[in-house]
Amino acid sequence: MNLGQRFGRWGLIGVPAIILETIAIAIYVHLRYLVAWHDLLLPVALCSTIQIGFFICAFWARKLAKGRGQYGPITFLVGCSSWGLLLVVMHYASLWGILAPIGDPLSFSIFMILITLASWFIMKKTRGLSQSKR
């Protein structure tokens, strides 16, 4: 196995990058919108956890996509992590007055679930079409 394909190297680069990115966004929100540091701790922790969880699972999904051509798991991961991140961002941004208050998180959740399932279904069908042409 190539060194670039090992999980340790994958995580050694990605996890610190995610943490630095989240801290940089927190600094921007603090300076631009004057949100107190103690109010930023939970959203930063939630966003970092969602992104790191996605990143770790993406290593496994990448191997499936490259090795077997299975794009369903990565499609599902992208949909779920986007849903989680957007819920956190929308909630806290509306709480701090950066965005208008969100109406119904349930409607957004249903929409994201439907989009994720539709994307997964499309990937499943197009994979089948591309394999039948071989």
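The values are calculated or read from the model by the stated rules, or taken from the named source; none is laboratory data. This one's a predicted model, so the numbers in the text were calculated from it and none came from an experiment. All Cβ positions, even for glycine, are placed from backbone atoms using ideal geometry, and neighbour counts span all protein chains on display.
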> So, of the residues in region 73-121 that are aromatic (Phe, Trp, Tyr) and at pLDDT 90 or above, which turns out to be farthest from Gln51 (Cα to Cα)?
Replying inline: Trp96
>> For the condition closer than 25 Å to Phe111 by Cβ, more than 13 Å from the chain's Cα centre (by Cα) and buried (at least 16 other Cβ atoms within 10 Å of the Cβ), what is the one hit in Ala65, Ala61?
In response: Ala61
> Any residue at all in region 72-90 that is aromatic (Phe, Trp, Tyr) and exposed (fewer than 13 other Cβ atoms within 10 Å of the Cβ)?
Replying inline: no
>> Looking at region 97-107 only, could you name the residues that are without any contact (Cβ under 8 Å) to a residue 24 or more places away in the chain and either surrounded by 12 or more Cβ atoms within 10 Å (Cβ to Cβ) or assigned to a helix (DSSP H, G or I) (or both)?
In response: Leu99, Ile102, Pro105, Leu106, Ser107
> Which condition does Gln70 not pass, out of (1) at pLDDT below 85; (2) more than 21 Å from Leu117 (Cβ to Cβ), if it passes all the others?
Replying inline: (2)
> Scanning region 1-51 for residues that are farther than 30 Å from Ser94 by Cα and among the aromatic types (Phe, Trp, Tyr), which turns out surrounded by the most Cβ atoms within 10 Å (Cβ to Cβ)?
Replying inline: Trp10
